[in-house]
Structures are given as structure tokens and as C-alpha cells.
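Everything below concerns the one structure shown next.
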Amino acid sequence: MNEKEKNILFKINEKELFKALEEIEAKAWYNRNKAILRAREIKKEQMPEVIKKERELEKKFGFDNLNKNYDDFEWGKLMGKLETLKWILKKGDF
């Protein structure tokens, strides 16, 4: 499938799909990381590399955009979007 056919099929270009994928992956990492730290009772200050990555993501995507308290349904939707984009872009283990 050439680029023109892809654009017609998806109504958006591949660059936009990769941008959306990057943002959803950032949201997933950010929120999983918070949950893991909380579950293991680890203070972020003990992991400077985690703080650095969080700050980079916050700068790129915005704190309010990343810092959500997802319920199970919302988390499922986020993971569904992530897997769908990976499938479309052939970036997953399918």
C-alpha cells in the first residue's frame, strides 16, 4: 500500500499516527510508573532517572495530559487505543 492509499484509508497520515502512538505510550508509562512506585512503596527521590524521564514527558505532553487517575474502564480504552495503533503501524508483536 502506498502513502496515498494509506492516507485515504486512514484519513490521517502515518506521521500523525506515530505522534498519537508516542503520546499514548507516554501516558501508559507515566501512569504505570506511578502505580509501580506506589505499590512497592518506593520514593521517586530514590530513582533520579525516573524523575528525569517524568519531567521530559511532562514538558513534551503536559502534566495535566499525563497525570490522570484512570479507572479500569478508561485504562482499558487507553490500552485498546495503544494496541490498535501498534497494529495499524505494525509496531506490535502480532
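Every number here is computed from the coordinates shown, using simple stated rules; none is lab data. None of these values were measured; they are calculated from a predicted model. Methodologically, a virtual Cβ is constructed for each residue, glycine included, from the backbone with ideal geometry; neighbour enumeration extends over all protein chains shown.
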Seminar exercise, completed: Put in order of increasing Cβ neighbours within 10 Å, starting from the fewest, Trp29, Trp87, Trp75 give Trp87, Trp29, Trp75
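Just need the relative contact order of the chain here, percent rounded to a whole number, with Cα pairs under 8 Å and 6+ apart. Show your work: numbers first, answer last.
On the way: 39 pairs, mean separation 34.2, N = 94.
Across the chain, relative contact order equals 36 percent.
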Exercise. Label-point separation (nm) for Arg32 and Leu89, each offset 7 Å from Cα along Cα-to-Cβ?
Worked result: 1.5
